[in-house]
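The structure appears right after this line, and notes come after that.
The values are calculated or read from the model by the stated rules, or taken from the named source; none is laboratory data. All values reported here derive from a predicted model rather than from experimental measurement. Cβ coordinates were reconstructed from backbone atoms using ideal geometry, including for glycine residues, and neighbour counts include every protein chain displayed.
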Amino acid sequence: MKRQVKLIVGLALSIICLCFSILLITDAIPTSPKKPKYVFYFIGDGMSFNHILGTEQFFAVKEGKGEIERLNFSKFATRNFVTNYSVSHPVTDSAAAGTALATGCKTANACIGVDIHDNELRSILDVASEQGYMIGLVTNVGINHATPSCFYGHTSDRFGFPKLVNDYISSDVAFIAGSTIMDMKSGPEDPKYEKVTTAQLAERIRNAGIHLTLDIEEAANTTGKRVALVANDKENKHVPYVIDRREGDDYHTLLNHSKAALNYLQREAKDGFFLMIEGGKLDYAAHEQDAVATFYEVREFAQAVQLALDFAEQHPDETLIVVTADHETGGMSLGWDHYEIRMNMLLEQRSSAVQLTKTMQKMRAEGKREWKDYKQLLSDEFGLWSLVPVTPEEEKLLKDDFYNIFLKYGPMVDGLYNKSEFIVYHAIGILNRHASIEWTSLYHTGMYTPLFTKGVGEKRFLECRDQTEIPRVIASLMGGQL
């Protein structure tokens with residue numbers, strides 16, 4: 001009898017252990033999440049870890065909140081990092097990286113939506129359209145610039161802007177917003193480039209039946225039509241950096257364009273939407289090694305992310321938010337000087353390097369040629385001498401730039417999208433070094449890029465090792481395949 005009892009007890013314990021093991025195994029296997037109805041895809045162009053951390057540190061100091069003030073997306077519980085090299089180069093450009101993030105396929109630098117053999121690639125927008133999602137794209141650079149174009153365009157030359165406008169017209173993009181329409185009026189002297197102005201490209205879009213407007217409210221409230229919202233439809237001119245905004249400059253912004261897109265899609269989309277939002281001017285600022293301008297751009301990018309977070313609170317079981325970057329720009333390092341980061345040294349910078357260059361050139365055109373006037377400007381706009389102690393060697397460098405290059409209309413520093421006077425470039429460098437910030441490049445680096453996800457299927461992105469896997473996971477969650 002005792003033996004039978006022991007056998008029964010042993011058998012019961014074995015069954016309990018087996019059931020417990022099955023529960024553990026089942027819990028460890030990710031379950032297939034439901035299909036997200038609303039997908040937000042954020043791309044911080046050129047944004048890597050130090051751009052994010054620097055922004056968190058700078059605004060914590062500026063606003064008196066201690067050492068660090070976390071950005072909303074850096075608080076996401078699901079975080080990862082991915083590689084971003086292209087087929088042709090260990091350091092990618094925005095075209096190849098954008099193609100990877102849009103299509104799930106690697107390609108060569110300068111290629112948009114095509115592989116290295118010039119074959120057109122399916123993008124996440126094709127999947128979205130097939131699955132019934134309405135599509136929106138927002139950027140604060142040109143609507144036919146590299147990153148947004150990778151979602152709808154197909155060309156082996158990223159500077160073929162007129163062709164990319166044609167691709168946009170032929171696409172299923174319902175709402176698009178940006179600074180302008182990139183033109184080719186002063187493009188390379190090559191017969192393959194169609195010489196055409198921004199105004200002519202705008203007219204081409206309107207003639208295709210798309211409602212192109214400069215009015216944000218009008219764009220947000222348009223019904224039954226495709227919409228293109230731009231800040232300028234006459235010339236290839238971008239909106240100012242956040243740091244350079246003055247009265248009247250806060251209308252066409254990444255945040256306001258994103259709000260318009262969301263309002264339009266919420267009303268017009270019957271079966272859900274896919275919305276890509278790119279912080280493009282972030283990359284521009286980093287190309288110029290302008291730390292403070294970069295931090296302001298990252299913060300506005302995070303404000304756009306907040307729109308998605310607020311929306312997700314109303315649709316918690318239907319929303320997916322993905323925040324990533326295409327590559328790192330500038331090789332920003334924080335804390336090179338004896339374990340210190342002195343963000344307080346940056347607090348009096350009031351304009352970007354680009355804007356200060358324009359101001360100095362205007363002064364020169366007005367006949368101002370005295371060093372004291374420009375020294376005062378550097379103090380007023382960058383805090384040099386007034387807040388930041390300038391060494392005799394540093395002042396000599398700036399004076400040499402002033403007398404030997406600037407006053408003689410000498411060469412300028414090419415930051416890819418903008419040019420700065422050498423005196424401004426070196427002034428920014430002095431300011432950065434006193435804050436213990438350094439840069440290794442005016443271009444891109446091969447650094448890992450971050451990945452933050454929240455909402456339906458967020459854990460699936462923990463599997464990603466390269467940026468090409470991000471759109472594949474999104475497509476899978478949406479019920480399609482790349």
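If you scan segment 278-332, which residues turn out to be of a type in the set (D, E, K, R) and surrounded by 24 or more Cβ atoms within 10 Å (Cβ to Cβ)?
Matches in segment 278-332: Glu278, Lys281, Asp283, Glu288, Asp290, Glu297, Asp326, Glu328.
Would you say Glu313 is farther than 30 Å from Leu431 by Cα and either of a type in the set (Phe, Trp, Tyr) or free of Cβ contacts under 8 Å to residues at least 24 places away in the same chain (or both)?
Spelling it out, Glu313 is indeed farther than 30 Å from Leu431 by Cα and either of a type in the set (Phe, Trp, Tyr) or free of Cβ contacts under 8 Å to residues at least 24 places away in the same chain (or both).
Looking at Asp380, Asp373, Asp401 in this structure, which one is out of contact with any helix residue (DSSP H, G or I) (no Cβ under 7 Å at 6 or more places or on another chain) and not hydroxyl-bearing (Ser, Thr, Tyr)?
Answer to the selection: Asp380.
Based on this model, can you work out whether Gly187 counts as of a type in the set (Gly, Ala, Ser), modelled with pLDDT under 95, surrounded by fewer than 22 Cβ atoms within 10 Å (Cβ to Cβ) and part of a loop (DSSP other than H, G, I, E, B)?
Yes, satisfied.
State whether the residues of segment 350-359 include one that is touching a Gly at 6+ places or on another chain (Cβ under 7 Å) and either assigned by TED's automatic domain parsing to the domain that holds Asp45 or under 29 Å from Met47 (Cα atoms) (or both).
no
Without any contact (Cβ under 8 Å) to a residue 24 or more places away in the chain and aliphatic (A, V, I, L, M): does that describe Ala96?
yes
Could you list, ordered by first residue, the pairs with Cβ atoms under 7 Å in which the first is in segment 233-261 and at negative phi and free of Cβ contacts under 8 Å to residues at least 24 places away in the same chain and the second is in a loop (DSSP other than H, G, I, E, B) and not aliphatic (A, V, I, L, M), at least 6 apart or interchain?
Going by the 7 Å Cβ cut-off, the qualifying pairs are Asp249/Pro240.
Quick one: which residue in Glu458, Glu469, Glu463, Glu438 is among the acidic types (Asp, Glu) and farther than 25 Å from Phe273 by Cα?
Of the residues listed, the single one that is among the acidic types (Asp, Glu) and farther than 25 Å from Phe273 by Cα is Glu438.
Output the residues belonging to segment 367-379 that are assigned to a helix (DSSP H, G or I) and either out of contact with any Lys or Arg (no Cβ under 7 Å at 6 or more places or on another chain) or assigned by TED's automatic domain parsing to the domain that holds Val239 (or both).
Within segment 367-379, Lys372, Asp373, Tyr374, Lys375, Gln376, Leu377, Leu378, Ser379 qualify.
Report, by residue number, each residue of segment 339-362 that is under 23 Å from Tyr417 (Cα atoms) and among the aliphatic types (A, V, I, L, M).
Correct list: Ala353, Val354, Leu356, Met360.
Matching residues to (1) of a type in the set (Gly, Ala, Ser); (2) under 23 Å from the mean Cα position of the chain (by Cα); (3) more than 22 Å from Gln266 (Cα to Cα):
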{"position": "Gly153", "(1), (2), (3)": "yes, yes, yes"}
{"position": "Phe159", "(1), (2), (3)": "no, yes, yes"}
{"position": "Asn166", "(1), (2), (3)": "no, no, yes"}
{"position": "Glu194", "(1), (2), (3)": "no, no, yes"}
{"position": "Asn207", "(1), (2), (3)": "no, no, yes"}
{"position": "Thr213", "(1), (2), (3)": "no, no, no"}
{"position": "Ala219", "(1), (2), (3)": "yes, yes, no"}
{"position": "Lys225", "(1), (2), (3)": "no, no, no"}
{"position": "Ile243", "(1), (2), (3)": "no, yes, yes"}
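Would you be able to tell me the number of residues in segment 381-433 that are at negative phi, of a type in the set (Ser, Thr, Tyr) and not in a helix (DSSP H, G or I)?
Residues in segment 381-433 being at negative phi, of a type in the set (Ser, Thr, Tyr) and not in a helix (DSSP H, G or I): 4 in total.
Looking only at segment 70-105, filter to residues that are part of a loop (DSSP other than H, G, I, E, B) and either at pLDDT below 95 or among the aliphatic types (A, V, I, L, M) (or both); which one of those is surrounded by the most Cβ atoms within 10 Å (Cβ to Cβ)?
Residue satisfying both the conditions and the ranking: Leu71.
Restricting attention to segment 434-450, report how many residues are assigned to a strand (DSSP E or B) and surrounded by fewer than 23 Cβ atoms within 10 Å (Cβ to Cβ).
Summing the residues that are assigned to a strand (DSSP E or B) and surrounded by fewer than 23 Cβ atoms within 10 Å (Cβ to Cβ) in segment 434-450 gives 3.
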